Amino acid sequence: LTGVLDDCLCDIESIDDFNTFKIFPKIQKLQERDYFRYYKVNLKRPCPFWADDGHCSIKDCHVEPCPESKIPVGIKAGSSNKYSKAANNSKELEDCEQANKLGAVNSTLSNQSKEAFIDWARHDDSQDHFCELDDERSPDAQYVDLLLNPERYTGYKGSSAWRVWNSIYEENCFKPRSVYRPLNPLAPSRGESCLVFFFLMRLCLEKRVFYKLISGLHASINLHLCANYLLEETWGKPRWGPNVKEFTRRFDPAETKGEGPRRLKNLYFLYLIELRALSKVAPYFERSVVDLYTGNGHEDAESKALLLDIFRDTKSFHMHFDEKSMFAGDKKGAKSLKEEFRLHFKNISRIMDCVGCDKCRLWGKLQTQGLGTALKILFSEKEIQSLPENSPSKGFQLTRQEIVALVNAFGR
């Protein structure tokens, strides 16, 4: 891919250079820190739209915890209710990964870690959301270690997976009903690419942005499945790696009737939206009253310093997407469109509970919440700018779940 992206003045080459040399090494380190590696999720919420009959048929596509002795505990309790990062044995990590291959989610944590998370939760605030949030108090909600549960191909495919994406595109993306996206999103009908492009150009900027964000999220997930694919399994030992054939099937112009490159460009557009959100939310975290709290003062300070360093890099990027052009019409119409935007996206977050594979559901819910948090930030610029320096937030807050989702979604 080369050249300028639609709806902004950004070129792909500049984004590649900026990400490769500035952002990616730092965001990767941040994702490994205790505050960002644990995500609380309810993988047992029923699908609200159709009978939940699409669970992954693969035997390991369910939660199968590692033995307690093998669990790499990220936080250990001390005598003063303090928590520190435990050094993890790489051999134990490897054993744990092999025991939880494919779609299985390693979800067991020690009692000390569970106590730590309750302590962390006391530092969370609440706010209206773009996503349907899990009830963190539900007995079915559980913390998972994202480092032990990487996003990769699990074998989950077929009509169940297609139905999820078909529902998202058909029911939730702003496009005319005359443009039909078939059940299998990988097999567009003849001429559909031109039709989609033509009608998207007739939509207002806000609705084009919405469609491109969902397409970019879809491309991101597909890319990670292609990049970390189960290539073979001999004697119970899986080998993961890039699957070029699968990547070609999903993105090559010849295989997708020209649609593949546009899908990839939408991934760049998604990157720009989340990058812009990070630059806009910096003042929220720059206040001394905000801590990335785990109970370990030294580690918390290091995590915040690294996050602020990333914020400085995001501000230095000179080709940000200009979100001020969105919802800029008359106040009544802009408010109505913004609310429609929010409700459509919230509906998409509910559809993620219809994903039949636990690991796919985990990463789908996390990345959807991360994008929803980015949108919440972009639509709250005035509230962020007026935040008090030395007192709790009023008018704009982020929960720990939203912060973890935002950083990890951008990391993907």
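The values are calculated or read from the model by the stated rules, or taken from the named source; none is laboratory data. Given the structure is predicted, the values throughout are model-derived calculations rather than measurements. Here the Cβ is made from the backbone with ideal geometry for all residues, glycine too, and neighbour counts use every protein chain on show. Ligands, DNA and RNA are excluded from the accessible area calculation, which covers all protein heavy atoms including side chains. Shrake-Rupley method; radii C 1.70, N 1.55, O 1.52, S 1.80 Å.
Some points to look at:
- Residue, farthest from residue 218 (Cα to Cα), within the stretch 309-327, restricted to residues that are open to solvent by 70 Å² or more (accessible area, probe 1.4 Å) and out of contact with any helix residue (DSSP H, G or I) (no Cβ under 7 Å at 6 or more places or on another chain): 312
- Residues that are at pLDDT below 50, out of contact with any Leu (no Cβ under 9 Å at 6 or more places or on another chain) and open to solvent by 70 Å² or more (accessible area, probe 1.4 Å), drawn from the stretch 32-61: 57
- Within the set 210, 269, 285, 247, the sole residue that is part of a helix (DSSP H, G or I) and either touching a Gly at 6+ places or on another chain (Cβ under 9 Å) or charged (D, E, K, R) (or both) turns out to be 269.
- Sole exception among (1) open to solvent by 10 Å² or more (accessible area, probe 1.4 Å); (2) of a type outside the set (A, V, I, L, M); (3) at pLDDT below 95 for residue 295, by number: (1)
- Residue check for residue 264: touching a Leu at 6+ places or on another chain (Cβ under 8 Å) and closer than 30 Å to residue 47 by Cβ: yes
- Taken over the stretch 1-29, the criterion of being within 30 Å of residue 292 (Cα to Cα) and either acidic (Asp, Glu) or touching an Asp or Glu at 6+ places or on another chain (Cβ under 9 Å) (or both) is satisfied by 16, 17, 18, 22, 23, 26.
- Test for residue 303: is it modelled with pLDDT under 90 and part of a helix (DSSP H, G or I): no
Per-residue answers, yes or no, for (1) modelled with pLDDT under 95; (2) in contact with a helix residue (DSSP H, G or I) (Cβ under 6 Å, 6 or more places away or on another chain); (3) under 25 Å from residue 408 (Cα atoms):
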position	(1), (2), (3)
236	yes, no, no
245	no, no, no
251	no, yes, yes
258	yes, yes, no
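- Within the stretch 2-28, considering residues that are hydrophobic (A, V, I, L, M, F, W, C) and at pLDDT 90 or above, the one farthest from residue 252 (Cα to Cα): 27
- Residue check for residue 276: in contact with a His (Cβ under 9 Å, 6 or more places away or on another chain), open to solvent by less than 50 Å² (accessible area, probe 1.4 Å) and either aliphatic (A, V, I, L, M) or on the phi < 0 side of the Ramachandran plot (or both): yes
Here's the yes/no breakdown for (1) open to solvent by less than 10 Å² (accessible area, probe 1.4 Å); (2) free of Cβ contacts under 8 Å to residues at least 40 places away in the same chain; (3) out of contact with any Asp or Glu (no Cβ under 6 Å at 6 or more places or on another chain); (4) farther than 15 Å from residue 284 by Cβ:
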site	(1), (2), (3), (4)
347	no, no, yes, yes
350	no, no, no, yes
365	no, no, yes, yes
371	yes, no, yes, yes
377	yes, no, yes, no
381	no, no, yes, no
386	no, yes, yes, no
395	no, yes, no, no
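- Filter result for residue 341 (open to solvent by less than 10 Å² (accessible area, probe 1.4 Å) and not in a helix (DSSP H, G or I)): no
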